[in-house]
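Here the structure comes first, spelled out in structure tokens, and everything after it is commentary.
The values are calculated or read from the model by the stated rules, or taken from the named source; none is laboratory data. Owing to the predicted nature of the structure, the values given are computational and were not obtained by experimental measurement. Cβ coordinates were reconstructed from backbone atoms using ideal geometry, including for glycine residues, and neighbour counts include every protein chain displayed. Quick note on the areas: whole protein, heavy atoms, side chains included, nothing else; ligands and nucleic acids left out. Shrake-Rupley method; radii C 1.70, N 1.55, O 1.52, S 1.80 Å.
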Amino acid sequence: MQKTPVNMQNNQLNNYLQTAIAASIKAGSDILEVYAQPIAVETKDDKSPLTLADKKSHLQIVEGLAVTGLPVLSEEGKQMPYDERAGWNPFWLVDPLDGTKEFIKRNGEFTVNIALIENNFPVAGVIYVPVLKELYFAAEGLGSYKCENINVGDTLFNSPGFLDALIAQSKKLSEASRPEKFSVVASRSHLTTETEELINELKQKHGEIDLVSKGSSLKLCLVAEGKAHIYPRLAPTMEWDTAAGQAIAELAGCSVINYESKQRMQYNKENLLNPWFVVAAN
């Protein structure tokens, strides 16, 4: 898979990644405060749900990323017209609370997603899972990692240059092994007829297969960390749903490709709706 050249120096990219990690941890703390209370749900114009947690996480992330001076495109922020954001390079692409439906169901499978986009591709990504206390993070030149048992009150995240210490207690995802039985990730909330047909094709090719269901961007993470072989998403998603997961999956040695064109998924398109895509182990 051809990678897009990264213009930023590795030190700068790592600093950006560290800033995004700290912002995601703080946002996750705000989300858990709302999660502990009765959840009030609004409905957005597109009929999708919105909670106070979405709003608080958005504000926390925008504040945390402000130090970088880079523009932020967030699901819960003001949607900039294409002629304005087309020149953004690099920029942050954020889903403050991915899996709001999972949040409302209280099953814990929701995430904070922050990606850094350069030249229309993700070059760094952070996915934080507040309930599970799991953190996925990746950057070009650094690789892709998972850290478990994250403590939001840990002074580590308040110390300058904490990234090295975090890496030291994390697992490198490119070193993960996969299950012997072919494993397919399927969306718990969005299993389409087309996806079912593809799964049936995979059964014919691989025999008996395992189906794994997860919410939010955790589906991309399952392939990245070696717990599944493939995640086909033949249903609508938005750019902020997938960018961070794409960085984590690709830098763990996986591919994230447009189902129709077979090309690498791109970002900051005029229409922010993603094409159908497939995440697969290489």
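Above 19 angstrom, tally the Cα pairs of segment 171-253 and express them as a % of all pairs, no decimals.
I get 37 percent for the Cα pairs in segment 171-253 exceeding 19 Å.
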- prompt: With every protein chain left in place, what is the accessible area per residue of the chain in square angstrom, probe 1.4 Å?
  reply: 44
task: Considering Cα pairs under 8 angstrom that are at least six residues apart, work out the relative contact order of segment 153-282 and quote it in whole percent.
output: 25
statement: Long-range amide H partners of Met238, meaning residues 5 or more apart or on another chain whose placed amide H is closer than 5 Å, are Asn274
statement: the chain: Kirkwood hydrodynamic radius (Cα pairs, Å) comes out at 18.8
Net +/- balance of residues flanking Pro232 in space, Cβ distance below 12 Å, scoring K and R +1, D and E -1: -2
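Roughly speaking, what is the stretch gain from Glu260 to Ala280, that is 0.36 nm per residue apart minus the C-alpha to C-alpha distance, in nm to one decimal?
Extra length from Glu260 to Ala280 when fully extended: 5.7 nm.
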- prompt: Can you give me the relative contact order of segment 50-203 as a percent, contacts being Cα pairs under 8 Å and 6 or more apart?
  reply: 12
- prompt: With the Cα gyration tensor of segment 1-82 giving a ≥ b ≥ c as the square roots of its eigenvalues, does the rule (a/c under 1.5 for rounded; else a/b larger than b/c for prolate; else oblate) give rounded, prolate or oblate?
  reply: prolate
- request: Take segment 58-157, compute every pairwise Cα distance, and split them into 5 Å bins from 0; I just need the percent in each bin.
  value: 2, 12, 19, 23, 21, 13, 7, 3, 0
message: With a 1.4 Å probe and all protein chains left in place, how much of the accessible area of the chain comes from carbon and sulfur atoms, in whole percent?
response: 47
message: Taking 21 Å as the cut-off for C-alpha to C-alpha distance, list the pairs among Lys47/Lys105; Lys101/Lys172; Lys133/Lys269; Lys55/Lys101 that go past it.
response: Lys101/Lys172; Lys133/Lys269
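Tally Lys and Arg at +1 and Asp and Glu at -1 over the other residues with C-beta under 11 Å from the C-beta of Ile114: what net charge comes out? It would help to have the intermediate numbers written out before the result.
Details: positive: none; negative: Asp95, Asp98.
Neighbour charge sum, excluding Ile114 itself: -2.
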query: Arranged from highest to lowest average of other beta-carbon atoms within 10 Å per residue, in what order do the peptides 121-127, 132-138 appear?
result: 121-127, 132-138
- request: Given the peptides 15-24, 157-166, arrange them by the average over their residues of other C-beta atoms within 10 Å, most packed first.
  value: 15-24, 157-166
- prompt: Cα centroids of segment 217-282 and segment 6-65: how far apart, whole angstrom?
  reply: 20
